[in-house]
C-alpha cells in the first residue's frame, strides 16, 4: 500500500490532486502478465471493457475512457478499485466534476481500511470543491469542508486535506479558519518545497487562495538554473509548451523569439517546456535555433509540468500575472503580446508603489 507520506508530498494542480488522492488504492505486487493486476476487474466482460477504456485513454478521448471505466466497474459487480481510480482521473481531465463526485461516492463503500476510506472522502471533497469553483456555489464548498474533516478524522496524517480544506474555507471567506488549515498543512512532514511555498503565500495573501493560481512547480533549465513558480513572484510569466516534432510549434518559434526579445529587461520570464522524449534532439534544436531564454524538458504529455497544467495539445501557452494568477490559456500560436504588455505594465506599477527597503541601522563601534 502506498504511504500517505507520498500522497501528501505531491504537486498541487487539480489533475494531480485527483491522481494523488487515489494513489493509495493500489499496492504494487508482482502478478503474472495475463492475470488481473491488484484492483483491476476479474470478470471477463469487465476486463474487455476495461481494455477498451485503456485504449480510449491512449487516444486522449478521456470522456469515453471515463464512461468505459465506470461500465467495467459495474460489470465487475462494483468491486473494481482500479476502474474507479482511473474513471475519477478521466473525469478531472474533462472537467466533469459532477461525474467525479459520483465516482468518489462509489469509492467509499469499496474502501476497506481507514486509510482507504480517508482517501475516498478526500476524493469526494475535491470533486465538490471543483464544482464550487466552477459553479460559484457556497454549498459545494461547505460540503467539501465536511468531507475533508471526515478524511482527517479517519487519517490525521493526510496533511494535504488541510491544504485543500483551506482553499474551500477561503472561498467561503472564512479567512482566519483558512489560514489555520494552511498552517496545519505546513506543520506536516514530507510536504514538497513547492507546496510549502504556496501554502505560505496563501497565509500571507489569503485572497490568492480564491484565485485560479498557476500550479506550483520547480524545473531545472538547460543551463542548470532552478526555476520555481512561486519564486517568480513579481514577474509576469509566459509558459510555452512545445516539441521539435510539432509543426505548428516550429512555425510559432519566430513569434516566441520576438516576445523574448521585446520584453527583455522587464519583469517578465518566458519559459519554454519541451515535450520531446529524445533529449539529444531537443538540445540540438535549442542550440541550432538560438533559443536563449530559459528552456527545460518535461519528456512528453505525461511529464510532471505538462500534467500539472493539463496540457493535451501543443503548442500551448499559459500567461501568469505577477501574483501567480493564471490569466490566459491558449492552444496554438496566437497574438498574446497585448495581454503581456498590460500585465507587465501592471507589475511595474505595483513594484513602483512598494516602499524601498529600510536603510541598515548604523552601528557605532567604541
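Taken together, the values in this text are just the output of simple stated rules run on the coordinates, not laboratory data. Quick caveat, the model's predicted, so the values are computed rather than measured. Neighbour counts are summed over all protein chains in view; Cβ atoms, including those assigned to glycine, are modelled from backbone coordinates with ideal geometry.
Of note:
- Taking 202, 62, 88 and counting other C-beta atoms within 10 Å, the order from fewest to most: 62, 202, 88
- Kirkwood Rh, Cα atoms: Rg over Rh of the range 183-255: 1.09
- Inter-site label distance for residue 205 and residue 233 at 7 Å from Cα along Cβ, in nm: 0.7
- Cubic angstrom per residue, convex hull over Cα atoms of the range 238-290: 76
- Whether the range 117-193 is rounded, prolate or oblate, judged on the alpha carbon gyration tensor where a/c under 1.5 counts as rounded: oblate
- Between residue 255 and residue 221, full extension at 0.36 nm per residue minus the direct alpha carbon distance yields a gain of 10.1 nm.
- Cα-derived Rg to Rh of the range 218-353, Kirkwood definition: 0.94
- FRET E, pair residue 288, residue 51, Förster distance 56 Å, beta-carbon r, rounded to 0.05: 0.85
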